[in-house]
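Below is one structure, written out as structure tokens, with a few remarks after it.
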């Protein structure tokens, strides 16, 4: 049994115990989503903390215990992994992936799958702790002592952009928040454009349309 199954309630309780941090991250994700339309998919729903506030039509989550909590929040979540999404190509208007990339076995394949299930001009939104940020460096240095991050692989913003570009995404935008250590955050932090200051970064990009691909070839 994985730690996400055995400790699902503990994982979910973290968001209540760190409400200001959670609210800050939600605001950054909201900024990254912008004015998206159409059905949305979250990859790695967890307990549904980032799907429930937004119009997310479907989700995949490999942990049964976490999936059950997400379903109890009214979400349509099925068993599945990022590397092999059980959906038709072009099925979603946007794809959300928050605090998931560090747990992926094959991130390159996961982004290609996300690209596949998006409609043309669909938006991909990825929220994560930047490896080079203060919180990222703390997490990286103390992975062995952190229940949920022992097997995690943290990424820099440049690495995430490279993976998304390789998958076919373009027109990137960036938002950041969490500018202080977690134990010092008592109120929701601001959200700023760009990256390099805040520890939580949201990278958003668009799927190329077929016409644009043809123009690129010509």
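FYI, it's all coordinate maths here, none of it is from the lab. These numbers were taken from a predicted model, which means no experiment stands behind them. Counting neighbours? That spans all protein chains shown, and the Cβs are built from the backbone with ideal geometry, glycine included.
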So what is the 222 nm mean residue ellipticity for the chain from helices alone, if each DSSP H run of at least 4 adds -39500 (n - 2.57) and you divide by all residues, rounding to the nearest 500 deg cm²/dmol?
-10000 deg cm²/dmol
Relative contact order (percent) for the chain, with alpha-carbon contacts under 8 angstrom and 6 or more residues of separation?
22
What's the angle, to the nearest 10 degrees (0 to 90), between helix 19-33's Cα axis and the longest principal axis of the chain?
10
Across the Cα atoms of the stretch 165-208, what radius of gyration and what greatest pairwise Cα-Cα distance (Dmax) are found, in Å?
13.2, 41
Tilt relative to the chain, helix 157-167 - C-alpha long axis, 0 to 90 degrees, to 10:
30
Dividing the convex hull volume of the alpha carbon atoms of the stretch 100-170 by its residue count, what do you get in Å³ per residue?
82
Expressed in nanometres to one decimal, the distance between label points 7 Å along Cα→Cβ at residue 197 and residue 121 is 3.3
For the stretch 1-64 and the stretch 149-209, distance of Cα centres in Å
15
Computed over the chain: longest principal axis from alpha-carbon atoms vs helix 107-117 long axis, angle to nearest 10 degrees, is 50
At q = 0.09, 0.10, 0.13, 0.17 Å⁻¹, what is the log10 ratio I(q)/I(0) for the chain, with the Debye formula run over Cα points and no solvent?
-0.33, -0.41, -0.70, -1.26
Estimated inter-spin distance, residue 112 and residue 68, nm [label 7 Å along Cα→Cβ]
3.6
Which value, in Å to one decimal place, does the Kirkwood hydrodynamic radius take for the stretch 1-78 when every pair of different Cα atoms is included?
12.9
The simple spin-label model distance between residue 16 and residue 165, using points 7 Å out along Cα→Cβ, in nm, is 4.4
When 11, 22 are ranked with the fewest other C-beta atoms within 10 Å first, the list becomes 22, 11
One would report the antiparallel percent of DSSP beta bridges in the stretch 3-217, rounded to the nearest 5, as 55
